[in-house]
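Here's the structure we're looking at; comments come further down.
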Amino acid sequence: MRCSWWARASCTLSSLFYFASQSFAAPTDIPSAASFYIPSIPHIHANPDINLQLYGGHLSADPNATRASPTDVTAHLYFFMVKNRRTADKQRVVFWFNGGPGCSSFDGLMMEVGPWRWDGKSEHDFWVKPGGWEEYTTMVYVDQPPGTGFSYTSTDQFAHTIDVVQAYMLEFIKNFYQVFPEYKTVDTYLAGESFAGQWIPYIADAMLNSTLNIPLRGVAIGNGWIDSKSQYLTYLDFATKIGLLKENTDAWKKVNKLTQDCSAAFDRLGGRNPMKMKECSHIMYSVMDSKAHKQDGVDMCINIYDVRLEDTSPACGMNWPPEMPAINKFLAAPEVVASIHASAHPGTWTECRGQVHLAFHQDDSESAVSILPRVLSQIPVLIFVGDQDLICNYLGLEKMIKDMSWNGGTGLGTVQTQSYSVNSLPAGTWATSRNLTYVKLFNASHMAPFDIPDITHDMMLRFMNVNFSSVIDGTARIPSAIGSDVKPHFEEKLDTGEGQGTPASAKTPQQNKAMWEAYYNAGSAALVLIIVFLVIGTFVYCRLRRKRVQLPTTTHDPNEENIPLTSHRGMADDEDIDSSRRRSAKGKERAKNVATANGGSNVEEEERIFDVGDSDDEDYKHNK
């Protein structure tokens with residue numbers, strides 16, 4: 001993140017403290033929090049109205065690391081943490097996961113719920129924008145399992161089964177709390193999308209049954225792959241409902257036959273519901289084939305992540321979103337990798353690593369729907385889904401909910417589905433029953449926060465039961481409603497002078513806390529500036545005195561002390577792109593080939609989603 005001119009002095013001072021802590025910290029097995037501090041990131045352009053506190057690096061995730069030899073490469077998970085910028089009613093922390101298996105959570109950071117966005121023009125520059133989930137919540141993006149994104153381990157230690165994934169995450173969380181003990185008592189949530197629909201329930205179950213006393217308060221899954229049986233068997237219904245297939249046509253009959261074969265394959269399993277069924281993997285591809293055509297001599301197909309769009313074949317959505325080439329170039333830059341403390345990772349960052357995907361035995365792992373009722377018996381669960389997604393579409397998730405039994409009932413029961421509006425506009429539908437909340441979001445894709453950031457942020461704040469009446473400022477004040485339940489908002493009461501009157505500022509304890517934190521932060525900033533000016537003043541005084549004593553005349557070098565902290569690619573203020581417009585931009589401008597984004601390196605042909613049984617492709621890209 002590039003510092004503005006007025007903040008460079010304080011950034012320099014922070015950097016000095018950071019390197020001092022690295023050089024002189026007492027020996028310990030647990031790294032200090034200061035060693036993970038990120039003072040700036042090249043090609044991230046700061047916003048003077050948004051102050052970000054960033055941390056990142058590798059933490060051990062191998063429960064058996066103490067028994068490993070010094071030459072062993074043990075599992076380390078990479079995390080990127082953005083501390084909350086504003087105070088709501090209390091502190092919260094969210095651990096975010098993307099899917100795959102093997103897809104990096106930098107997708108969520110760079111395109112969905114993080115603090116910056118691509119401007120649609122530059123090769124690898126990003127601008128800090130409002131709307132990220134870090135506004136009121138500390139966000140921790142985790143690349144897992146080992147081998148994903150910037151995480152690493154030896155290839156023979158890739159996770160093959162879900163219990164290994166759970167063990168790696170518990171060890172990571174234990175070490176995270178040792179580095180950042182202030183979060184051990186903070187309300188904790190897990191969130192993510194796509195194949196994270198398998199990760200999150202299993203990780204939550206492991207946390208709830210561990211001895212770590214993690215204050216887990218809920219989990220949120222967006223367009224998740226949670227119940228393979230329900231989701232495979234509803235591709236035909238969804239494609240027919242939205243007009244991709246017409247009933248009783250040849251294309252429809254072909255998909256119908258594949259669906260019947262899939263159902264019969266599940267019947268032969270005697271009640272098992274594996275995360276992946278090879279016999280069912282061709283259903284979605286047949287839906288895609290039904291819309292294949294040529295455009296200007298180029299083979300085109302439907303975007304499986306957003307049915308409103310098309311993509312070149314055989315990518316069919318892999319070139320989407322259009323930000324991906326810029327993200328690849330950004331995370332391939334050595335100066336960026338060094339600045340975020342990811343240099344220990346061998347090789348370059350890859351969005352979705354095929355080796356990790358292929359190593360995980362989906363065929364032998366039971367779908368997370370099997371343990372979701374156990375999670376629901378202890379904490380609330382939010383399932384949200386963009387209605388324009390094909391691969392993890394809403395009909396499949398609704399069938400899962402309808403057939404699932406939890407907390408003494410089956411399905412949502414008799415609860416009424418309510419309308420959900422944000423900023424006085426229809427946003428979706430909302431239903432809550434026995435600890436489960438289901439939200440269908442209008443005009444949103446597989447990556448719903450990419451399309452509708454303000455709506456998904458409001459949804460998450462509501463799910464976390466934020467007391468909106470205690471929020472003084474920020475995007476949480478955007479009006480929203482679930483049915484007739486309108487979001488409350490803080491109003492400062494003024495003394496009217498009538499009767500006994502009320503105090504000019506009647507605030508709740510939470511509001512007072514927020515106010516005093518603001519005063520404290522302002523005072524801290526002022527103190528830093530005073531220290532900087534004192535240092536500069538002392539330096540100038542010493543220089544002038546030296547000049548009088550040693551040199552009769554001299555010429556001051558205007559470049560002296562002008563040390564650039566980051567790479568600078570300037571942009572005029574009038575070129576700043578509106579955040580909401582950029583976030584809702586779809587892939588109509590085709591993304592460049594990933595090989596081009598990687599400097600022209602050869603990339604092996606990617607195979608289709610879910611159809612990975614016979615492929616050795618290492619650049620395979622699954623659900624995001």
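Observations, loosely collected:
- Peptides 291-299, 320-328, 463-471 ordered by average Cβ neighbours within 10 Å, highest first: 320-328, 463-471, 291-299
- With θ taken as phi - 60° and the Karplus curve 6.51 cos²θ - 1.76 cosθ + 1.60 applied, the whole-hertz 3J(HN,Hα) list for segment 30-37 is 9, x, 7, 4, 4, 5, 9, 5 Hz, x standing for glycine and proline.
- The alpha carbon centroids of segment 109-152 and segment 162-195 are separated by 18 Å.
- Sparse-neighbourhood loop sites, GluC sites (Glu not before Pro) in segment 153-248 - DSSP loop, at most 15 other Cβ within 10 angstrom: Glu247
- Only lysine pairs 8 or more places apart or on separate chains count here, and in segment 251-327 those with Cα atoms under 23 Å apart total 10.
- Under-5 Å amide H pairs with Asn84, H placed in peptide plane, nonlocal only: Thr138, Met139
- A simple rule links phi to the HN-Hα coupling: the Karplus curve 6.51 cos²θ - 1.76 cosθ + 1.60 with θ = phi - 60°, which for segment 316-324 gives 6, x, 5, 7, 10, x, x, 5, 4 Hz, with x for Gly and Pro.
- Note that segment 155-163 has calculated 3J(HN,Hα) couplings of 4, 7, 10, 4, 6, 9, 10, 5, 5 Hz, one per residue in order, obtained from phi through the Karplus relation 6.51 cos²θ - 1.76 cosθ + 1.60 (θ = phi - 60°); glycine and proline are x.
- Burial order of peptide ranges 63-72, 223-232 (average beta-carbon count within 10 Å, highest first): 223-232, 63-72
- Based on C-alpha pairs under 8 angstrom that are at least 6 apart in sequence, segment 33-154 has a relative contact order of 32 percent.
No value in this document is a laboratory result; all are computed from the given coordinates. Given the structure is predicted, the values throughout are model-derived calculations rather than measurements. Reconstructed Cβ throughout: ideal geometry from the backbone, glycine too, with neighbour counts over all protein chains shown.
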